[in-house]
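Structure record follows, encoded as structure tokens.
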Amino acid sequence: MTQQPLDDIPLFAIALLILLGTLASYEIGYQIGRWRERRTEDEISGPTSMIVGSILALMAFLLAIAMGMAADRYDTRRGLVLEEANSIGTTLLRAGYLPEPYSTQLESLLHEYVPLRIVGDADELNAQIARSVELQDEMWTITEDLARESGDRPDVAIFIESLNETIDLHESRITAGLYARVPPTVIWLLVAGGVLSVAMVGYNAGLTGRRSMLSAIVLAVVLSSVITLVIDLDRPADGIIRTNQQPLIDLRDSLKEQ
């Protein structure tokens, strides 16, 4: 499984580290500003405040871009869950029209296949993917035997089309969930940009000799929360915000009732 650099760190720990890092950078920037102000007064009348405002605006722009990237990927993963649930359901219905013993064999494999497509514990994800691939190979082998035996029967042809779509959606979900993620460079730039932006705010406060710890804490909390939210949205099987698996859960429950 392809992982982001921060995937092994719990989300709460990431939020806390970013928060502490931004608060520390504010205090360091403030102390540097006070030291600089004591050495020269020229910089106080310079464009420091304007520069800080520009940096914060650029940081907000970067956060908006990163949030859009993470949200788009999250929506894609959610849409693929619904598409796969519909595809598996259609494949199951079409399997019922196939001759025996192929119909029973394929329906049994599809019943086992559905729970594996529900993303749960991140530690079990690799095992679920591996077993899903094994079941796909078994179903395709059975379908090949059926196709050779049945010739050009239309019910077999439409079943093959549904099964092929189901297998393709498996690959689409893997690509969307594990590979098509926010680039690590963007994540690191968000973290570094947030820390440096707050440091510049502290530096400007040190130059003027006036600061508000409440404002600094609020700024650090907001920045760390937004950055953590971007990281959370980008995690496929971990974190607070997870891709809704309800379409597949409903399909699994409906199969239990049959």
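The values are calculated or read from the model by the stated rules, or taken from the named source; none is laboratory data. Quick caveat: nothing in here was measured; it's all calculated off a predicted structure. All Cβ positions, even for glycine, are placed from backbone atoms using ideal geometry, and neighbour counts span all protein chains on display.
Structure values in brief
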read-out	value
Number of positions in segment 87-138 that are of a type in the set (A, V, I, L, M, F, W, C), within 21 Å of the chain's Cα centre (by Cα) and outside any helix (DSSP H, G or I)	2
Residues of segment 116-136 that turn out to be buried (at least 16 other Cβ atoms within 10 Å of the Cβ) and touching a residue at least 40 places away in the same chain (Cβ under 8 Å), as a count	5
Residue count, segment 36-59 (criterion: surrounded by fewer than 13 Cβ atoms within 10 Å (Cβ to Cβ) and either in contact with a Pro (Cβ under 8 Å, 6 or more places away or on another chain) or at pLDDT 85 or above (or both))	3
Cβ pairs under 7 Å, 6+ apart, first in segment 36-53 and closer than 13 Å to residue 208 by Cβ, second among the aliphatic types (A, V, I, L, M) and at pLDDT 60 or above	36/207; 37/207; 43/207; 44/207; 48/207; 52/200; 52/201
Top-ranked residue in segment 177-186 [being among the hydrophobic types (A, V, I, L, M, F, W, C) and assigned to a helix (DSSP H, G or I); ranked as surrounded by the most Cβ atoms within 10 Å (Cβ to Cβ)]	186
Residue tally, condition surrounded by 15 or more Cβ atoms within 10 Å (Cβ to Cβ), free of Cβ contacts under 8 Å to residues at least 40 places away in the same chain and basic (Lys, Arg), over segment 139-176	1
